[in-house]
Amino acid sequence: MQETGSGEREELPELKDLKVRGRSVRTWVIGAVVVLLAISAAFGGLAKASDETPKVGAGTAVDAGQFSVTVQRVVVVKDLKPLFTPDEGGVLIGVVLKLELTDKTGVDPPSDLIRLLDVNGVKPTDPPIGTTNLRDQTPDPILTPHHAEDVAYVWKLPKATDLPREVTLSVQHYEFRESVLDHHEGWRDDTIAAEVTSPVKDNR
């Protein structure tokens, strides 16, 4: 309620009755929420909460939609010349996966497929410095549909004296759907498929 120039009090409209550009505030709010949810889904912002994410151990196959992912082992190495070398005083940590592409089109392993979650010197958002297959040490190998390949994801650890005995890593799930941005269909990251815990072997 507000006072008019004549001293009379005028009833203000309730929030739900207010209109902006011919539309009610309620309509604008609902529209904004729908757009926010669509954008969040497009960029993977609707990942499940951590307590809802399946927890498994190394050796368990994880359905990641576009891929079947099995964490085989996690190892620390001095270097992987000529492909990867650590910074001075550091080492490399590699996660060896058995990857099988479930799609019909060959692709290279996406850099966001896995993330290290609890390793000193590596942020949970840090991508690997690279990937390579173990068969012939090809960097960024192309996966063949329905053919399992051993692939290592490699990160740098800054201190060779501060090594984890066990790590937890996340496996990203991908869903085939239409993009809300360009309406093209493709594999999009949507949720975390699982968190995998694995012991770490020191192979230096």
For Leu143, the residues 5 or more places away or on another chain with a placed amide H closer than 5 Å to its own amide H are Val107, Asp108
Sequence order, region 138-151: Karplus ³J(HN,Hα) from phi using 6.51 cos²θ - 1.76 cosθ + 1.60, θ = phi - 60°, Hz rounded, Gly and Pro as x, gives 7, x, 6, x, 8, 7, 9, x, 6, 10, 5, 9, 7, 10
Across region 50-202, how large is the tail of the calculated P(r) beyond 22 Å, expressed as a percent of all Cα pairs?
-> 39
Where Lys and Arg each count +1 and Asp and Glu each count -1, what net charge lies around Gln72 among other residues with Cβ under 9 Å from its Cβ?
-> +1
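Coordinate-derived values only; no laboratory data. On a predicted model such as this, the values are computed, not experimentally measured, just so you know. Neighbour counts are summed over all protein chains in view; Cβ atoms, including those assigned to glycine, are modelled from backbone coordinates with ideal geometry.
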